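Presented below is the structure to which this report refers.
The values are calculated or read from the model by the stated rules, or taken from the named source; none is laboratory data. Owing to the predicted nature of the structure, the values given are computational and were not obtained by experimental measurement. Note that each Cβ is placed from the backbone with ideal geometry, even for glycine, and that neighbours are counted across all protein chains shown.
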Amino acid sequence: MKNSILYSLMATALLAVSVSFTSCEKVSPQGVLMGNTSVDDRVKQSLIYYSYHGEDLDWDLTDSIEEYSFLVGSDSHITIDPGRLTEMIEIGIENDDLFYCHLGDLADTKPEYYYNTQQALYNATRTWKRKYIKLYIDEFHSIDDGMYYDKRITPSTKNYLKPWDDWTLPFYPVVGNHDITHNGWSLFCDQFKTSFYEFTVKVGDSYDRFIFLDSANGTLGDFQTDAIDENTLLNDDKVIRNTFTFTHTNIFRPSLNEFASTYCREELYYLLNKLSEWNTTIAFWGHVHAWDDRMFNGVRHITMPSMNFVDHPNGGDDLIVRITVKKDGTCVMERVGLHSKEMSKEDLESMGYITKTA
Amino acid sequence: MKLRGSIQRLLLSMILSLAASTALAQYYSGDHTFDGEHKNEASASLTSGKNILIGPCIGNTVHYKHFFNNHWSVDGGVNMQYSKELYGVKAKGEYHIQVKSFHIFASGEFLYNRYVKYKTNEIDGNISVRFERGYWDITLGESLINYTIGESGYTEPATLTFGAHATLRPRTNYWNVGLLFRNYDDFYYENWNINWGLDFYYKFNPTWKLFGEFNIRPAGSMSQLASKYETTGKVGVIYRW
């Protein structure tokens, strides 16, 4: 009996060591059992944020705009060089895409890589503001008031006029599994505040809905499924023309060589039903770093390739997508290329993109 | 995230686990085999627990197994999860051989699940091989999972089935407690989600046996931080005649 207990303890210890040993530094070995960041905690925080700022996220476009487009990218896994993310946003600004969505795994887990990401978004914000944000002057507002507006938004919009610093890049990410390991959530939420949110885009008399779901743990979790079932976010009576959803963990597995979905079976079916119930036009998925495009139960499911340098060192013609929503509500998808090459730390330092370290 | 790296990690884990377990193994004649006397086995169990989608849930399962001889057996089961509105039936055939002190079981299984709440029909096929010794067993196999919602259906590419189980006492003992992890259960096959469990049994006599399991079924694992999905407890009896 004594030997059996001893042997069992040894076996358990060896198993634990083997699991830890075989886990790479990108993941948390203890996370195999239970993660230290809970989707429920993130969703609670997101719902609080949404209760204060939810309305600010909505877009109400001027009558002169009859159609619009947005970009979707995934799994940028930024390390030293955030070039691919920068390139995506530059393409978006050049093409007048309204906003930019990202399906998670923004940076590769480590805190220093989040700084690079933050810096890239800061630079992109400056470029974006220079193009779209204009000083507002009328009989009541002078240059001294320092109030600015986005020329594409209707004046009746709440917070139509804001100080220059309050305008932020319309970059909408969801959180991925690599965004939450090694205390990543604190870095992610410091910048983006929320992992579960929704907004609408009003064009003419039509509303299109954009829903961002937190599936970084491979589940929506207790609070998020409750919030979805109770329509906590979708609490208005707008008549919706198109619904688009964005989340990290994929459902469909593009091939035998790729990771399978990690939603537990019932949750997978719950989610597929919910997307149909929402009359979703397109559901976007990331995580698996591979392309898949299929219709299932009336919903178009697009699983995105990664846009990072490791998987695509030479870039590619089809790493992100642009969705154009036409005047009549139909959607046209276009695959868009990213071709920048990864720059070395020395090159980035010499160009002033990152700070030289000792 | 490519599969190759994951398989390498999994194989390394298994080799290390196997090395640990083999060091402990003693000779035994497995109790999952025909005992030469009782050709029939029936079991009934009650399951209750909590799931993030449903909340508290309850259900029960019944099984019947028939041994034709020391090698061949067939097994059928019915699963009724009332709170989840999940109902399933399964049929399984198994072939057993003994190689020295190893018991090897090759099995094929067909499983049908109806998720009423989610209007989903699921059909699973599985082939597996289980290796057993006195204190441990390991299962490896492949599953094919097809599901249909409305008029749309999807067959997932073949998915690895894996499981490992270690017990405190040899299987011949009249009581036992064990630890397990696996990506399947009696009535589901998962993809990369691991079900962690603690199981036990107590044999009253050669015909009656009490058994139970406590399972933690997190969502996400390995590269994803696991998060709460479901916890269940199961208790049941087995009768042999």
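Does the stretch B:62-73 contain any residue that is free of Cβ contacts under 8 Å to residues at least 40 places away in the same chain and within 22 Å of A:Arg265 (Cα to Cα)?
Within the stretch B:62-73, one or more residues are free of Cβ contacts under 8 Å to residues at least 40 places away in the same chain and within 22 Å of A:Arg265 (Cα to Cα).
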Hey, B:Leu160 touching a His at 6+ places or on another chain (Cβ under 9 Å) and within 9 Å of another protein chain (Cβ to nearest Cβ) or not: no
The listed residue being surrounded by 20 or more Cβ atoms within 10 Å (Cβ to Cβ), under 22 Å from A:Ile320 (Cβ atoms) and either more than 7 Å from chain B (Cβ to nearest Cβ) or touching a helix residue (DSSP H, G or I) at 6+ places or on another chain (Cβ under 6 Å) (or both), out of A:Trp285, A:Trp291: A:Trp285
Some residue of the stretch A:65-84 being at pLDDT 95 or above, surrounded by fewer than 18 Cβ atoms within 10 Å (Cβ to Cβ) and closer than 23 Å to A:Met351 by Cβ: no
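Could you say which residue among B:Glu41, B:Glu85 is of a type in the set (D, E, K, R) and closer than 30 Å to B:Arg169 by Cα? Talk me through it step by step, then tell me what you get.
Numbers: B:Glu85 fails: closer than 30 Å to B:Arg169 by Cα.
None of the others qualify; the one that does is B:Glu41.
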Elements of type strands (runs of 3 or more DSSP E) in the stretch A:276-334, at least 3 residues being within 17 Å of the chain's Cα centre (by Cα) and within 25 Å of A:Phe259 (Cα to Cα): A:280-285, A:299-303, A:316-325
Of the criteria (1) within 28 Å of A:Tyr263 (Cβ to Cβ); (2) loosely packed, with under 14 Cβ neighbours inside 10 Å, which one B:Leu160 fails: (2)
Flag for A:Asn297 being facing another protein chain (nearest Cβ under 9 Å), surrounded by fewer than 24 Cβ atoms within 10 Å (Cβ to Cβ) and either farther than 29 Å from B:Asn51 by Cβ or not acidic (Asp, Glu) (or both): yes
Any hit, the stretch B:139-150, residues being in a strand (DSSP E or B), within 16 Å of the chain's Cα centre (by Cα), closer than 25 Å to B:Leu225 by Cα and among the hydroxyl-bearing types (Ser, Thr, Tyr): yes
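Got a sec? Which strands (runs of 3 or more DSSP E) wholly within the stretch B:47-117 have at least 1 residues that are within 22 Å of B:Gly233 (Cβ to Cβ) and more than 12 Å from chain A (Cβ to nearest Cβ)? Break it down stepwise before answering.
Details: elements: B:55-67, B:72-81, B:86-99, B:102-115.
It comes to B:55-67, B:72-81, B:86-99.
State whether the residues of the stretch A:137-148 include one that is touching a residue at least 24 places away in the same chain (Cβ under 8 Å), part of a loop (DSSP other than H, G, I, E, B) and either in contact with a Ser or Thr (Cβ under 9 Å, 6 or more places away or on another chain) or not basic (Lys, Arg) (or both).
Pass one, the stretch A:137-148, residues touching a residue at least 24 places away in the same chain (Cβ under 8 Å): none.
Checked against the condition, which is being touching a residue at least 24 places away in the same chain (Cβ under 8 Å), part of a loop (DSSP other than H, G, I, E, B) and either in contact with a Ser or Thr (Cβ under 9 Å, 6 or more places away or on another chain) or not basic (Lys, Arg) (or both), the stretch A:137-148 yields no hits at all.
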Whichever residue in the stretch B:168-208 is outside any loop (DSSP other than H, G, I, E, B), more than 8 Å from every other protein chain (Cβ to nearest Cβ) and hydroxyl-bearing (Ser, Thr, Tyr) and, among such residues, is surrounded by the fewest Cβ atoms within 10 Å (Cβ to Cβ): B:Tyr202
In the stretch A:227-255, residue nearest to the other protein chains (Cβ to nearest Cβ) [restricted to those that are surrounded by 18 or more Cβ atoms within 10 Å (Cβ to Cβ) and among the hydrophobic types (A, V, I, L, M, F, W, C)]: A:Phe252
Number of positions in the stretch B:146-161 that are modelled with pLDDT of 95 or more and hydrophobic (A, V, I, L, M, F, W, C): 1
Test: residue in the stretch A:100-112 that is at pLDDT 85 or above, of a type outside the set (Gly, Ala, Ser) and surrounded by fewer than 21 Cβ atoms within 10 Å (Cβ to Cβ): no
